[in-house]
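The values are calculated or read from the model by the stated rules, or taken from the named source; none is laboratory data. A quick note: this is a predicted structure, and the numbers were derived from the prediction, not measured. As a convention, Cβ positions derive from the backbone with ideal geometry for all residues, glycine included, and neighbour counts pool all protein chains shown.
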Ligand SMILES: Cc1cc2nc3c(=O)[nH]c(=O)nc-3n(C[C@H](O)[C@H](O)[C@H](O)COP(=O)(O)OP(=O)(O)OC[C@H]3O[C@@H](n4cnc5c(N)ncnc54)[C@H](O)[C@@H]3O)c2cc1C
Ligand code: SF4
C-alpha cells in the first residue's frame, strides 16, 4: 500500500534502529492522543524498545569542547553526564560557547551545572595540564 | 594530573613499546603484569594516548570497562594505570629507526638522537589516514582538502575550524562523526558522499550524526573533480555506475571551501619494513603468531599497526596479550609454539593471528569481504559457529578452544564464512 492511501499514514513515523548493523527499519504507530500503539519492523526486542523511546522521548549525549587558557591544547573536551533531550543538543553547545576554563583542569571538573534546566551537568573528560599550545588558538 | 614529562631515560630496557596509543599502553601494562621490569613507552605526540584524545565522542569502553566512555576518558584511565605502574613514558620523541637486534634509535628536539637497547620491542604505531593520493581525485591542488581525522584534531584540540562550507567524501565513522562536530561548531556541512551503495559507518552514527542534523547522505556517488586555484572553490560530484566510474552527464557542482576525506586507515609500518618483517598483503600489517610475535625474534606487534580495529576495546585486549608475551619473552618463558596456520577462505579477507596453537584458547579476529545475512563461520570441519549477519565494517571475533580441535590433525585450517 502506498503511504498516500494508508488511512493511518499521519500516525506513522519511521526510524532506523541503531541497535546493531542489521539496521531494521522501524515503524511506530500512534493513536489520536499521540500515544504509541505499536512498534513494527524490529528483528529483536532491543529494536522495539528503541523505537518506543526514540519516538516518545529521544535523548542524546552531547560531547563537545570548551576553550581553555594556558593549557597544553587550546580546547578541552566536555560531555553531558547523562543524555539530554534531543531538541536541546544545539542549544547546549551554544551555551558552552562562551565558557573559558584556565589550565590546569582535572578530569571530572564541573563546567556547568543543570544545563538549560535539564538537571544534567557538563563535565570535563580529560586532564588538561598547563602548557603552551604550539599554534595560535584563535577560532574562525 | 597527567603530564607528558619524561622520566629519567635508561640505556637498556626489558620492553620498549613504540607508540603510546591504547595499544602501546595496554601492551606496557601487560608486560608489567608478566614480570618485565624496565618498560618504556615512546610516543611522538606531547602526551601518550594516541588517536583517542581527539575522539571526544562517546562509545568507547563498553566491552572493556562495561560503561560508555569518551575517547579521552578511555585514554586517561589507561594512562593513569601506566603511570601508577612506574612505566617510563617519553613523549615528543620519534622512533626513527630500529634493527633486528632491537636497537631502537630515537629522536627528539629536547634530547637529540639516542640509541636504546631493548630485550624485546612491541610495535604499536597505529594507523594513518588514506589521503587524496590514494584515490586519485582529478582536478586542481588547492588548500582545503584534508583528511577527516586531521580536521578532528584541528577542531577538538587546536581549536580552529577547517572551513565554512564543507563536503565530506566517504561514510566511515570518522567522516560521520566530523559531520556532526562541524555542524555543532557552526560550519555548514553540505553532504556526505559515498561511492559504495552502502554506508561504511555504524547506523548509530548515521542516525545521530546525519539524520539528527538533516545532513544529506548520497550513496553510490563520488567526488569526480576538485576545483579552485589557491583554495577549494567547488567540487563536482557524480553518481557512479556498476564499475564505480562517475557518470559525468549526471554530475553536479557544489560550491564549498573544504573537502574532508574519510576513506579509510592504513597501518603505519615504516619501521616494520626497516627490519624486514613479514607483512600480510591484505592487512598490510605484520604477520603475527598467537603470541602477537612478528617474524623477528622478540619483536611483537598489536593494535591498528597489525590490522584496523573498529573498537578500541579489542585493541586493548589484543595488546594486553602482546605485552604479556613480550614480558614472558624477557623473563625466559615461552608458550608452546603454534602448530596450525589459519588460511582465509570464502568471504574472509584476513584472520589475526595468522597461526594458532591447538592446546591453548585463542581469540581470533577476522574481517569479511561482503555483507551476508544468516551465515556460519567454519574452521575447516573442526568447528563452526552461526552468525546472524556479517559486515565488512564490523570485525568478527571468535573464541577458539582446544576442545574444538581435539580431532583435528592437520597443520592448516581454512576459514570460510558461508550462507546457511
Ligand atoms: C577518528 C577515529 C574515531 C574512532 N572512533 C571510535 C569509537 O567511537 N569507538 C571505538 O571503540 N573506537 C574508535 N576508533 C578506533 C580506536 O580509536 C583505534 O582503534 C585505536 O585508537 C587504535 O589504537 P592504537 O594504539 O593501535 O593506535 P593509535 O591510537 O593511532 O596510537 C598510535 C600512537 O603511536 C604513535 N607513533 C606512531 N609511530 C611512531 C613513531 N615512529 N615514533 C613514536 N611514536 C609513534 C602515534 O603518535 C600514536 O600516538 C576510532 C578511531 C579513529 C581514528
Ligand atoms: S531491531 Fe534488533 S536486529 Fe534489528 S537493528 Fe535493532 S537491534 Fe538489530
> When you go through (1) more than 14 Å from ligand 1 (Cβ to nearest atom); (2) more than 14 Å from every other protein chain (Cβ to nearest Cβ); (3) in contact with a strand residue (DSSP E or B) (Cβ under 8 Å, 6 or more places away or on another chain) one by one for residue B:84, which number turns out not to apply?
Replying inline: (3)
> Within the group A:79, A:86, A:46, which residue is over 19 Å from the mean Cα position of the chain (by Cα) and under 19 Å from residue B:208 (Cβ atoms)?
Replying inline: A:46
> Out of B:304, B:269, which single residue is away from every other protein chain (no Cβ under 14 Å), more than 9 Å from ligand 1 (Cβ to nearest atom) and crowded, with 20+ Cβ neighbours inside 10 Å?
Replying inline: B:269
> Restricting attention to the range A:89-124, which residues are part of a loop (DSSP other than H, G, I, E, B) and within 16 Å of the chain's Cα centre (by Cα)?
Replying inline: A:114, A:118, A:119, A:120, A:121
>> What's the total number of residues in the range A:76-95 that are closer than 17 Å to residue B:161 by Cα and touching a residue at least 24 places away in the same chain (Cβ under 8 Å)?
In response: 3
> Which of (1) within 16 Å of ligand 1 (Cβ to nearest atom); (2) farther than 30 Å from residue B:46 by Cα does residue A:84 not meet, given it meets every other one?
Replying inline: (1)
> Has the range A:114-122 got any residue that is over 23 Å from residue B:209 (Cβ atoms) and in contact (Cβ under 8 Å) with a residue 40 or more places away in the chain?
Replying inline: yes
>> I need the full set of residues from the range A:25-49 which are surrounded by fewer than 12 Cβ atoms within 10 Å (Cβ to Cβ) and within 9 Å of ligand 2 (Cβ to nearest atom), in order please.
In response: A:45
> Checking residue A:68 against (1) assigned to a strand (DSSP E or B); (2) more than 21 Å from residue B:182 (Cβ to Cβ), which single condition isn't satisfied?
Replying inline: (2)
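Given the options B:175, B:191, B:264, B:228, name the one that is modelled with pLDDT under 95 and more than 14 Å from chain A (Cβ to nearest Cβ).
Answer to the selection: B:264.
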>> If I filter the range B:249-257 for residues that are crowded, with 19+ Cβ neighbours inside 10 Å and either closer than 30 Å to residue B:68 by Cα or assigned by TED's automatic domain parsing to the domain that holds residue B:121 (or both), do I get at least one hit?
In response: no
